[in-house]
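J.: This structure is in structure tokens; I'll ask about it shortly.
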């Protein structure tokens, strides 16, 4: 229980860093455009390498026909930036930068210099909190905790799996480990439109990108909640 409370406080750090990134960064669009070109930035070692070899090649890969969830209809259509067709060939952080549901998550990834790191992973699963999930954290303690961005990386790690899963694979697994090995596993419950991740509802799942399958969720996950 003490771990859960400690990491809940870290959640407020995430919101604080997002606000600072949104107000103070003018380099975001250029960085995102260059992410797949292989440009290196500091902080690339903050995520462990995924263990993609643990699953057969191609397992967990989805297509635009596989997506589900009430928020999928909010994505752009056709080949517009942020559409399923547009994001599919892009690495995950670059794809997320065009997704209108994930502007605050993208700010968090940029604030920790993790764009290139996520893009370089071979086969991962990303639980991506929607903007409203960050808004729900509230404004409390933001000024106090804004100076502790080192607590942000473990939270982001807790939203990434080192293997690539589609929704059916997650259902079958039931419980999966994240790249935050100290945060404990996340629990998958339900199925189809009622799929949840540690109680967070999947708003749009099975989103395909070049190196990841993405599930947009309605809450920021708390490391240690299941310990």
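J.: Report the antiparallel proportion of the DSSP beta bridges in region 110-227 as a percent, rounded to a multiple of 5.
T.: Of the beta bridges lying entirely in region 110-227, close to 65 percent run antiparallel.
J.: For the ranges 213-225, 182-194, what's the packing order if you count other beta-carbon atoms within 10 Å of each residue, average per peptide, and put the highest first?
T.: Per-residue Cβ counts within 10 Å, averaged per peptide and sorted highest first, yield 213-225, 182-194.
J.: Can you tell me the order of 202-208, 61-67, 121-127 when each peptide is scored by its average per-residue count of other Cβ atoms within 10 angstrom, highest first?
T.: 202-208, 121-127, 61-67
J.: Report, in whole Å, the centroid distance computed from the Cα atoms of region 187-226 and region 81-96.
T.: 18 Å
A short reminder: the numbers here are calculations on the coordinates, not readings from a lab. For clarity, every value in this text was computed on a predicted model and none was experimentally measured. Backbone-built Cβ (ideal geometry, glycine too); neighbour counts: all protein chains shown.
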